[in-house]
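Quick notes on the structure that follows.
Derivation of every value follows stated rules applied to the coordinates shown; laboratory data play no part. Every value quoted in this text rests on a predicted model; they were computed, and no experiment measured them. Counting neighbours? That spans all protein chains shown, and the Cβs are built from the backbone with ideal geometry, glycine included.
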Amino acid sequence: MKPVPFFDLKEQNRQLRDEFDAAFRRVTENADFILGGEVEKFEENFARFVGTRFAVGVNSGLDALSLALRALNIGPGDEVIVPANSFIATALGVTSVGATPVFVDAEPGTLLIDLKSIECAITKRTKAIIPVHLYGQPVPMKPLMSLCRRKSLFLVEDACQAHGASIGKKRCGSFGDLGAFSFYPGKNLGAFGDGGLITTNDRSYYQKLRLLRNYGSVVKYEHTVAGFNTRLDALQAAILNVKLPHLEVWNEKRRALAARYDSLLGKFPGIRLVEQLKAQMSVHHLYVIRSDRRDALKDFLSQNGVGTSIHYPVPIHRQGAYRGLKKRSLKLLVSEKEAKRVLSLPMYPEMSLEDVDVVCSAIGDFMESR
Ligand SMILES: *Cc1c(COP(=O)(O)O)cnc(C)c1O
């Protein structure tokens with residue numbers, strides 16, 4: 001059988017090679033490497049795409065989260081609610097500003113942060129909630145936004161897996177006070193290295209973020225706050241300006257692939273899919289299934305030329321990085337159970353529907369063989 005890698009960018013890069021070459025030439029000819037025109041253009045383009053007034057490019061998704069919390073003056077003594085089932089960066093954003101992450105369990109159907117558990121986790125110290133639009137599926141934002149309003153909490157969206165995902169006509173990154181994006185190469189919109197961005201409709205956050213990312217300075221050598229060096233590179237912005245116009249088509253392809261997976265895998269009693277909510281338009285950053293025999297299935301697929309991955313094998317609160325963290329006795333049973341069952345199947349826009357058939361027939365062989 002034809003091998004199907006878990007992820008592969010080479011075909012996409014081939015298709016866009018001339019545009020990338022032109023972008024690279026533009027940057028080298030202008031010799032404008034830090035901030036400047038390409039970055040401004042991308043910030044404008046991406047803000048328009050998401051539907052916010054402002055966007056600020058930074059050098060990673062982690063820094064986007066961390067600076068978003070700094071813009072809100074969140075720091076030591078404050079608590080921020082995060083899902084236990086996410087990439088560790090969601091929590092690292094919180095600890096990087098000295099605040100305490102409070103982990104909340106996943107909803108068993110969607111594996112998104114569980115809204116009911118969020119309410120139980122709120123204390124007098126809680127300052128913000130960071131919902132993660134996990135695997136590309138938007139967290140239901142309406143109830144979360146009204147909860148935040150009722151309890152006077154900030155809402156920072158971790159949209160690092162959700163470029164273009166939407167609820168109705170509104171895109172992820174435009175619901176909260178701030179939205180954090182990553183352009184790590186493997187994301188739905190990826191750079192040729194690290195990159196990130198923060199979206200907001202609030203001019204004062206926007207101005208503060210521009211200071212924070214650039215040594216606390218807008219006018220050169222005048223530093224009004226103690227800032228950081230975390231800027232989106234002009235070269236990465238130029239690459240992202242080439243790629244952004246293709247994002248919707250790529251997301252559409254991912255949806256077609258996901259629909260094919262759904263229809264072929266739905267018939268296996270041993271496989272549980274991640275539920276998709278009706279009003280939510282996922283961009284299928286990852287296609288995740290669940291199986292009690294996950295590890296054996298992963299090995300079998302690997303032997304049959306199908307690449308897979310696990311998102312995530314260890315819930316954040318179980319990571320060594322947070323061993324010393326005092327945890328409140330919230331139960332995180334779903335996150336712990338599902339970490340042993342989730343398996344991410346191949347998913348990228350240049351994959352074909354026939355590749356999905358190959359993956360699913362290999363899964364079928366595994367199911368029949370024992
Ligand atoms: C990728 C990712 C991040 C971090 O992005 P980097 O650019 O790698 O720092 C944060 N949160 C989630 C959910 C992610 O998937």
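So, in segment 16-45, exactly how many residues are closer than 30 Å to Gly305 by Cβ and touching a helix residue (DSSP H, G or I) at 6+ places or on another chain (Cβ under 9 Å)? Residues flagged as closer than 30 Å to Gly305 by Cβ and touching a helix residue (DSSP H, G or I) at 6+ places or on another chain (Cβ under 9 Å) within segment 16-45 amount to 2.
Within segment 50-71, the set of residues being outside any loop (DSSP other than H, G, I, E, B) and within 11 Å of the ligand (Cβ to nearest atom) comprises Val58, Gly61, Leu62, Asp63, Ala64, Leu65, Ser66. Tell me whether segment 8-27 contains one or more residues that are farther than 19 Å from Leu244 by Cβ and in contact (Cβ under 8 Å) with a residue 60 or more places away in the chain. Yes, segment 8-27 contains at least one residue that is farther than 19 Å from Leu244 by Cβ and in contact (Cβ under 8 Å) with a residue 60 or more places away in the chain. Only residues that are of a type outside the set (Ser, Thr, Tyr), more than 10 Å from the ligand (Cβ to nearest atom) and in a loop (DSSP other than H, G, I, E, B): list them for segment 162-175, please. Passing the criteria: His163, Gly164, Ala165, Gly168, Lys169, Cys172, Gly173, Phe175. Could you say whether any residue in segment 176-191 is touching a Leu at 6+ places or on another chain (Cβ under 8 Å) and more than 16 Å from the ligand (Cβ to nearest atom)? Within segment 176-191, one or more residues are touching a Leu at 6+ places or on another chain (Cβ under 8 Å) and more than 16 Å from the ligand (Cβ to nearest atom). Residue count for segment 212-226 under the criterion of being closer than 17 Å to Leu178 by Cβ and touching a strand residue (DSSP E or B) at 6+ places or on another chain (Cβ under 7 Å): the result is 1. For segment 145-161, the tally of residues that are within 12 Å of the chain's Cα centre (by Cα) and assigned to a loop (DSSP other than H, G, I, E, B) stands at 3.
Here is a yes/no grid of residues against (1) more than 16 Å from the ligand (Cβ to nearest atom); (2) in contact with a Cys (Cβ under 8 Å, 6 or more places away or on another chain); (3) under 19 Å from Pro5 (Cα atoms); (4) of a type in the set (D, E, K, R):
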residue: Val274; (1), (2), (3), (4): no, no, no, no
residue: Met281; (1), (2), (3), (4): yes, no, no, no
residue: His284; (1), (2), (3), (4): no, no, yes, no
residue: Ile289; (1), (2), (3), (4): yes, no, yes, no
residue: Asp295; (1), (2), (3), (4): yes, no, yes, yes
residue: Lys298; (1), (2), (3), (4): yes, no, yes, yes
residue: Gly305; (1), (2), (3), (4): yes, no, yes, no
residue: Tyr312; (1), (2), (3), (4): no, no, yes, no
residue: Arg318; (1), (2), (3), (4): yes, no, no, yes
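Regarding Ala71, is this residue touching a residue at least 24 places away in the same chain (Cβ under 8 Å) and within 18 Å of the chain's Cα centre (by Cα)? Quick ask: steps written out before the conclusion?
Details: touching a residue at least 24 places away in the same chain (Cβ under 8 Å): yes; within 18 Å of the chain's Cα centre (by Cα): no.
When the stated conditions are applied, Ala71 does not pass them.
Please go through segment 296-327 and pick out each residue that is of a type in the set (D, E, K, R) and closer than 22 Å to Phe87 by Cβ. Matches in segment 296-327: Lys298, Arg318, Arg323, Lys327. Of everything in segment 90-107 that is of a type in the set (Gly, Ala, Ser), more than 16 Å from Val139 (Cβ to Cβ) and surrounded by 24 or more Cβ atoms within 10 Å (Cβ to Cβ), the residue that is farthest from the ligand (Cβ to nearest atom) is Ala91.
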